[in-house]
Amino acid sequence: MNLIIVIMMFLMTIGVVAEAKEWQESYDPNTEIALKGKIVEVIEKGKGPVVIGIIKHDKIYNVITAPGWYIIQEGIDFKLGDEVVVHGAKFFSKKGELFIIARSIHNIKNGKIYQFREDHNMMPKWRGRGKHFRY
């Protein structure tokens, strides 16, 4: 019985890691866009990335930022109602849902610019950093 539970937990972990790697390694600079709007939701789900909903012209765009531990470590603060400019790449999930993978987010209200990807390869800034890194 214990072996079955261990196997099930292992399979669930693989799914979470695979899902995270899907968005983490799917940044395509050829699909980059800039999006200006207001934050209407902040979604944090376990070990996955923090996703913020940005509204522009009555449409909500889901923007993938970074793992929650990185957001906390860097002191990044997403507040509902803040106006932001997102620079990022379009990404379609396996279910066909459109997401924007953030390269940077400029919070117009507080003037801060949060960088999530760097260098010509657009590698995530958190890659290999922090004791909480699990991918």
Run down 61, 70 and say which single residue is in contact (Cβ under 8 Å) with a residue 24 or more places away in the chain and in a helix (DSSP H, G or I).
70
Does residue 68 satisfy being surrounded by 15 or more Cβ atoms within 10 Å (Cβ to Cβ), at pLDDT below 95 and more than 24 Å from residue 109 (Cβ to Cβ)?
no
Of (1) modelled with pLDDT of 85 or more; (2) under 11 Å from the mean Cα position of the chain (by Cα), residue 48 satisfies every one except (1)
Could you check region 83-105 and list, in sequence order, the residues that are among the aliphatic types (A, V, I, L, M) and surrounded by 18 or more Cβ atoms within 10 Å (Cβ to Cβ)?
84, 86, 89, 100, 101, 102, 105
Which numbered condition residue 63 fails, given (1) at pLDDT 95 or above; (2) of a type in the set (A, V, I, L, M); (3) surrounded by fewer than 16 Cβ atoms within 10 Å (Cβ to Cβ)
(3)
Of the conditions (1) among the basic types (Lys, Arg); (2) exposed (fewer than 12 other Cβ atoms within 10 Å of the Cβ); (3) within 15 Å of residue 124 (Cβ to Cβ), residue 47 clears all except one; give me its number.
(2)
With the requirement that a residue be of a type in the set (A, V, I, L, M, F, W, C) and without any contact (Cβ under 8 Å) to a residue 12 or more places away in the chain, what does region 73-104 give you?
92
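The values are calculated or read from the model by the stated rules, or taken from the named source; none is laboratory data. A quick note: this is a predicted structure, and the numbers were derived from the prediction, not measured. All Cβ positions, even for glycine, are placed from backbone atoms using ideal geometry, and neighbour counts span all protein chains on display.
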